[in-house]
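Reviewing the structure listed below.
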Amino acid sequence: MSARDRLRVNDIRFQAMAETFSAEEWARPSLCDSWSNHDVLAHLVVGYSAAATAVVAGMRCHSWSFDRANAAMARSLAASRTPLQLLDDFDRLTQRPQGLGRYFPPQLLLGDHITHELDILFALGREPAIPADALVAVLNTQVHVPNPFVPAYRNSRGLRLVATDADWTHGQGRLVRGPAAELVSVLGNREAMLGRLDGDGVDTLASRLSRHLIRRAG
């Protein structure tokens, strides 16, 4: 399956699952910084629709910080669109992306979408039902492709990573073992799921996450 086809299949699956959430669940906080689940959904829509000029203008207003501009765009859209409206937008845009969404590499979009789906599900106490092949595709991208927006490549260095529920291993060094979804989440700098991992490399991974969060706070 091509990266573009895998992204499309995943988006269809996510859409069907997300349509079951209640208004109260959308309003609850996610694992992603200080975003609500509603904000996370808006972020996915922004990723498929934002014009380059809008992104640059947002960065100019936020001291050229992409993270702050990205957060502001998501919150602004969430304030103007209900989750049901955003899901309609998402469905339309997955079929015909606009703006930067037309050019962003599909393998990176897949990682962004699955990581943020996990931000929502884990925060709600729901267990993910993401197919193993999609999780493995994300893990392979995370550990092999440096990404300025996701520190997974750096977080994985010098560790032996083993998925306990999928046919995936990577690297050499101290062991970090756990379910594939939790590995995706933690490598993407979500500390909340560290407790579901084990091995003598977990403390090393935890320290890398903490340093990254301290730098962002500063």
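What follows is calculated from the coordinates using simple rules that are stated; it is not laboratory data. This structure is a prediction, so every number in the text was calculated from the model and none was measured. Cβ placement follows ideal geometry from the backbone for every residue including glycine, while neighbour counts extend to all protein chains displayed.
Hey, fewest Cβ within 10 Å first, where do His113, His170, His144 land in order? Don't skip to the end; give the middle numbers.
On the way: His113 22, His170 17, His144 12.
The most exposed by this proxy come first: His144, His170, His113.
Dipole of the stretch 132-217 (Lys/Arg Cβ +1, Asp/Glu Cβ -1, origin at the Cα centre): which of Thr164, Gly201, Pro151 lies farthest to the positive side?
Most positive-ward Cα: Pro151.
Name the most mobile residue of Leu121, Leu84, Leu93, meaning the one with the largest mean-square fluctuation, in a Gaussian network model of the chain with Cα contacts below 10 Å.
The residue with the greatest mean-square fluctuation here is Leu84.
Counting other C-beta atoms within 10 Å, and keeping those with at most 15, which DSSP coil chymotrypsin sites (Phe, Trp or Tyr not before Pro) do you find in the stretch 90-185? Write down the numbers at each step before the final one.
Numbers: sites: Phe90, Tyr103, Phe122, Phe149, Tyr153, Trp168; in loops: Tyr103, Phe149, Trp168.
Here the sparse-neighbourhood loop sites are Tyr103, Phe149.
222 nm [θ] for the chain, helices only, -39500 (n - 2.57) per DSSP H run of 4+, per residue, to 500? Walk me through the intermediate numbers first.
Numbers: 11 runs with 133 residues, N = 218.
That calculation yields -19000 deg cm²/dmol at 222 nm.
Let me know the charge dipole size of the chain about its Cα centre in debye, to the nearest 20, where only the beta-carbon of Lys, Arg (+1) and Asp, Glu (-1) is charged.
On the way: 24 positive and 23 negative charges, 171 e Å.
Magnitude of the dipole: close to 820 debye.
What is the antiparallel percent of DSSP beta bridges lying wholly in the chain, to the nearest 5? Write out the running numbers ahead of the final one.
On the way: 5 of 10 bridges.
That works out to approximately 50 percent antiparallel.
Lys and Arg at +1, Asp and Glu at -1: add these up for the other residues within a Cβ distance under 9 Å of Gly199 and post the number. Walk me through the intermediate numbers first.
Values: positive: Arg160, Arg174, Arg177; negative: Asp198, Asp200.
Local charge sum for Gly199: +1.
Counting Lys +1, Arg +1, Asp -1, Glu -1, what net charge surrounds Val45 among other residues with beta carbon under 9 Å of its beta carbon? Intermediate values should be presented prior to the final figure.
Values: positive: Arg81; negative: Asp89.
Counting the neighbours of Val45, the net charge comes to 0.
If you wrap a convex hull around the Cα atoms of the chain, how much volume per residue is inside, in Å³?
Details: hull volume 24.8 nm³, N = 218.
It is 114 Å³ per residue.
Which helices of the chain meet both criteria: a Cα extent of 20 Å or more along the helical axis and a mean Kyte-Doolittle score no lower than -1.0, with helices taken as whole DSSP H segments? Show your work: numbers first, answer last.
Details: long enough: 3-18 (22 Å, -0.59); 66-80 (21 Å, 0.11); 106-124 (27 Å, 0.70); 202-217 (23 Å, -0.21).
Answer set is 3-18, 66-80, 106-124, 202-217.
Going by how many other Cβ atoms sit within 10 Å of their own, how do Leu7, Leu124 line up, fewest first? Write out the running numbers ahead of the final one.
Numbers: Leu7 24, Leu124 17.
So the ranking, lowest neighbour count to highest, is Leu124, Leu7.
Mind sorting Asp167, Asp89 by how few other Cβ atoms lie within 10 Å of their own Cβ, fewest first? Each step should come with its number before you reach the end.
Working: Asp167 9, Asp89 19.
Final ranking by Cβ density, sparse to dense: Asp167, Asp89.
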